[in-house]
Amino acid sequence: MEPYRTELVNGLKTRVVDTGGDKPTLVLIHGLANAIQIWDGILPRLAQRFRVIAFDLPGFGEADRPVAAYDSAFFADQLRAVLDTLAIDRAHLVGSSLGAGVIVRFSDRNLDRIDRAVLAAPGGFGRETHPLMRFPALALVGDWLGRPTPANNRITLNLAIHDPRNVTPELVEWVNRYAREPGSDLSFVRTLQTGVGLFGVRDRAGFEALARRFQRPALVVWGRQDRVFPAHHSDRAVALLPMSERILLDQCGHYPHWEQPGAFAAAVERFLLEGAGT
């Protein structure tokens with residue numbers, strides 16, 4: 001399961017983990033400023049039942065950081081490029097935060113490539129978000145305030161993670177290390193600004209329209225103590241997604257796969273294997 005660098009069909013390079021094997025394929029899509037390490041707590045367990053693929057979204061981790069819009073269309077193209085590069089026609093998709101939103105956006109033109117989906121705390125099912133997420137939208141100073149400096153990264157991690165003990169030295173180290181890569185200021189700030197404005201989450205109407213058309217089984221997962229997108233957003237998610245169910249995890253913030261890896265992996269396994277009749 002050693003990660004390797006590869007060039008995608010769109011010309012960008014990224015880092016991939018592919019556990020291989022003749023098993024159902026499951027693709028993990030991480031969130032803002034994360035990398036494939038964010039899945040460390042669940043990947044080995046899921047690899048027992050699935051061919052698991054994790055990759056760094058371009059703009060983050062060890063992937064290229066092009067000068068780009070870093071909007072929903074950009075990230076949907078990265079997911080499509082990964083599937084095309086690895087010759088995957090159809091897969092289960094599991095996404096966290098930004099990654100979960102990417103799955104919904106990707107479905108607009110690629111629904112036939114999705115088997116089942118797990119959506120962990122995506123933005124778009126409610127306008128409200130923490131004020132700290134809105135500061136980069138401020139005129140003149142937003143770009144400066146939103147930079148992924150070590151101080152800002154610590155604030156972001158403390159906001160996203162419920163239990164301070166889960167803000168581990170290893171997590172802080174790799175978040176800061178990747179934030180020092182050239183182009184990270186642009187990728188982080190633009191990603192945040194395209195998704196969140198001064199008044200909260202942008203383009204709810206467009207996102208919710210796609211959710212209504214998401215004709216695939218979907219498991220919505222949320223941490224009850226999520227301060228980024230509050231857990232009651234999940235009410236709207238299951239109301240709109242036509243084939244959805246929900247699980248709420250206690251003592252858990254915005255990264256359920258990091259804070260509650262056992263419960264998260266068990267829920268994913270049950271949901272995905274249920275579709276296979278296992």
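The values are calculated or read from the model by the stated rules, or taken from the named source; none is laboratory data. Since the model is a prediction, treat every value here as computed from it, not as a measurement. Here the Cβ is made from the backbone with ideal geometry for all residues, glycine too, and neighbour counts use every protein chain on show. To get the accessible areas, we keep the full protein, side chains included, count just its heavy atoms, and leave off ligands, DNA and RNA. Shrake-Rupley method; radii C 1.70, N 1.55, O 1.52, S 1.80 Å.
Across region 14-66, the number of residues qualifying as among the aliphatic types (A, V, I, L, M), more than 30 Å from ASP185 (Cβ to Cβ) and part of a strand (DSSP E or B) comes to 2.
Can you tell me how many residues within region 156-192 are in a helix (DSSP H, G or I) and either of a type in the set (Ser, Thr, Tyr) or loosely packed, with under 12 Cβ neighbours inside 10 Å (or both)?
Our first condition is that a residue be in a helix (DSSP H, G or I); within region 156-192, this holds for 156-160, 164-166, 169-179, 184-192.
Now drop any that are not either of a type in the set (Ser, Thr, Tyr) or loosely packed, with under 12 Cβ neighbours inside 10 Å (or both), which leaves 156, 164-165, 169-170, 173, 178, 184, 187, 191.
Looking only at that region, the number is 10.
On the stretch given as region 245-270, residues that are surrounded by fewer than 24 Cβ atoms within 10 Å (Cβ to Cβ), over 19 Å from HIS232 (Cα atoms) and of a type in the set (A, V, I, L, M) total 4. You will find that of ALA68, ALA63, the residue that is buried (at least 22 other Cβ atoms within 10 Å of the Cβ) and either farther than 18 Å from VAL201 by Cβ or among the basic types (Lys, Arg) (or both) is ALA63 and no other.
The single condition among (1) among the polar types (S, T, N, Q); (2) outside any loop (DSSP other than H, G, I, E, B); (3) closer than 30 Å to GLY262 by Cβ that GLN225 does not satisfy is (2).
Which of the following residues is at positive phi, of a type in the set (A, V, I, L, M) and modelled with pLDDT of 95 or more: ALA54, ALA87, ALA33? I'd like the intermediate steps shown before the answer.
Working: ALA54 fails: at positive phi; ALA33 fails: modelled with pLDDT of 95 or more.
Checking each option against the conditions leaves just ALA87.
Answer yes or no as to whether ILE42 is open to solvent by less than 50 Å² (accessible area, probe 1.4 Å) and either among the hydroxyl-bearing types (Ser, Thr, Tyr) or out of contact with any His (no Cβ under 7 Å at 6 or more places or on another chain) (or both). Working first, answer last.
Numbers: open to solvent by less than 50 Å² (accessible area, probe 1.4 Å): yes; either among the hydroxyl-bearing types (Ser, Thr, Tyr) or out of contact with any His (no Cβ under 7 Å at 6 or more places or on another chain) (or both): no.
In short, no.
Scanning region 212-262 for residues being of a type outside the set (Lys, Arg) and under 15 Å from VAL94 (Cα atoms) gives a total of 16.
Is it fair to say ALA211 is open to solvent by less than 20 Å² (accessible area, probe 1.4 Å) and closer than 25 Å to PHE106 by Cβ? Yes. Candidates in region 19-39 are the residues that are open to solvent by 10 Å² or more (accessible area, probe 1.4 Å) and under 19 Å from ILE114 (Cβ atoms); of these, the one that is farthest from the chain's Cα centre (by Cα) is LYS23. Before we move on, is VAL102 closer than 20 Å to ARG49 by Cβ and either in contact with an Asp or Glu (Cβ under 8 Å, 6 or more places away or on another chain) or buried (at least 17 other Cβ atoms within 10 Å of the Cβ) (or both)? Criteria not met by VAL102. If we scan region 122-134, do we find a residue that is surrounded by fewer than 21 Cβ atoms within 10 Å (Cβ to Cβ), part of a helix (DSSP H, G or I) and on the phi < 0 side of the Ramachandran plot? Within region 122-134, one or more residues are surrounded by fewer than 21 Cβ atoms within 10 Å (Cβ to Cβ), part of a helix (DSSP H, G or I) and on the phi < 0 side of the Ramachandran plot. Scanning region 230-275 for residues that are part of a loop (DSSP other than H, G, I, E, B), touching a helix residue (DSSP H, G or I) at 6+ places or on another chain (Cβ under 9 Å), under 26 Å from PHE207 (Cα atoms) and of a type outside the set (Gly, Ala, Ser) yields LEU241, PRO242, CYS252, HIS254, TYR255.
Take the residues in region 118-138 that are within 12 Å of the chain's Cα centre (by Cα) and of a type outside the set (Val, Ile, Thr), then tell me which one is farthest from ASN152 (Cα to Cα). Even if it seems obvious, please write down each step before you answer.
Taking region 118-138 and keeping what is within 12 Å of the chain's Cα centre (by Cα), we get 118-123.
Those still in the list that are of a type outside the set (Val, Ile, Thr) too: 119-123.
On the way: LEU119: 26, ALA120: 23, ALA121: 21, PRO122: 21, GLY123: 20 Å.
Of everything passing the filter in region 118-138, LEU119 is farthest from ASN152 (Cα to Cα).
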